[in-house]
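Here the structure is laid out as structure tokens; the discussion comes afterwards.
No value in this document is a laboratory result; all are computed from the given coordinates. Given the structure is predicted, the values throughout are model-derived calculations rather than measurements. Positions of Cβ are generated from backbone atoms using ideal geometry, with glycine treated the same way; all protein chains shown enter the neighbour counts.
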Amino acid sequence: MPKVAQSAIEYLMIIALTLGLIVPTAYLFFRFSSESNVQIVDSQITQIGRSIIDTAQSVYFSGEGSKIILEVNMPKNVDDIYILANRELVFETTSEIGQSESVFFSSANIPITEGSGDLSSVAGSGLKRIRIQAIDDNGVAKVLIEKV
């Protein structure tokens with residue numbers, strides 16, 4: 001009987017050692033995977049925000065009546081998009097890490113405004129169309145950004 005007990009203990013030790021290696025490895029893999037996903041979404045938001053601001057600058061300097069329609073593939077973590085103080089484009093996002101905001105400024109400091117619709121309708125995953133056009137608002141040149 002002692003040999004059976006010894007082999008059972010050896011078998012349990014092999015299983016414990018195997019689990020001791022697999023569990024931490026799996027934890028590190030899933031943690032790395034979620035951090036990579038957050039970095040990818042942040043990169044996509046940065047690319048979309050810079051694209052909108054760059055297009056707004058281009059339209060503004062082209063003059064009244066200029067317009068461009070952007071098609072962007074919005075990631076799923078974007079909760080809200082809005083314009084703050086006619087100068088800043090703000091993306092609010094939620095991820096595994098928590099809530100955050102990405103803010104984009106125009107280097108030319110151009111005035112931007114939302115259209116009749118709210119830019120929050122652009123938030124959410126999927127393909128979105130955004131119209132960016134130069135307007136004259138009582139003698140003041142502005143860039144209008146709205147969902148198509």
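So if I restrict to the alpha-carbon atoms in the range 2-147, what is the Rg, and what is Dmax, the biggest pairwise distance, in Å?
Both quantities, over Cα of the range 2-147: 25.2, 97 Å.
In the range 1-43, how does Rg compare with the Kirkwood Rh, expressed as the Rg/Rh ratio over alpha carbon atoms? Don't skip to the answer; put the middle values down first.
Working: Rg = 18.8 Å, Rh = 12.9 Å.
Over the Cα atoms of the range 1-43, Rg/Rh equals 1.46.
Given a cut-off of under 8 Å on Cα pairs at least six residues apart, what relative contact order in percent is computed for the chain?
Taking the mean separation of contacting Cα pairs over the length of the chain, I get 24 percent.
Applying the Karplus parametrisation 6.51 cos²θ - 1.76 cosθ + 1.60 with θ = phi - 60° to the phi angles of the range 11-27, what ³J(HN,Hα) value in whole Hz is obtained for each residue in order, glycine and proline being reported as x?
Each residue of the range 11-27 in turn: 4, 5, 5, 5, 5, 4, 5, 4, 5, x, 8, 6, 4, x, 5, 5, 4 Hz.
Lys/Arg Cβ at +1, Asp/Glu Cβ at -1, dipole of the chain taken about the Cα centre: which of S95, T113, L144 is farthest positive-ward?
S95
With a point put 7 Å past each Cα toward its Cβ, work out how far S62 is from S7 in nm, to one decimal.
The two pseudo-label positions are separated by 8.0 nm.
Could you please rank I22, I145, I68, I110, placing first whichever residue has the fewest other Cβ atoms within 10 Å of its Cβ?
So the ranking, lowest neighbour count to highest, is I22, I68, I110, I145.
What number in nm² do you get for the range 62-145 if you take the convex hull of its Cα atoms and divide its surface by four?
Across all orientations, the range 62-145 yields a mean hull projection of 6.0 nm².
Given +1 on the Cβ of Lys and Arg, -1 on the Cβ of Asp and Glu, and no further charges, what dipole in debye does the chain carry about its Cα centre, rounded to the nearest 20?
460
Roughly how many nanometres apart are two label points built 7 Å out from the Cα toward the Cβ at S121 and S51?
Spacing of the two 7 Å Cα→Cβ label points: 2.0 nm.
Straight distance only, please: which aspartates and glutamates reach the Cα of K128 with their own Cα at less than 12 Å, same-chain residues fewer than 8 apart left out?
The reachable aspartates and glutamates, counting only those whose Cα sits under 12 Å from K128, are E71, E146.
Where a Cα-Cα gap under 15 Å defines reach, which aspartates and glutamates qualify for K76, not counting those fewer than 8 residues away within the same chain?
Once the sequence-local aspartates and glutamates are set aside, what remains near K76 is D42, E92, E96, E101.
Name the residue farthest towards the positive end of the dipole of the chain from the options S58, L12, S43, assuming +1 on Cβ of Lys and Arg, -1 on Cβ of Asp and Glu, about the Cα centre.
Final value for the positive-end residue is L12.
Please report the spacing between the Cα centers of the range 83-101 and the range 34-63 in Å, no decimals.
So the two Cα centres are separated by 12 Å.
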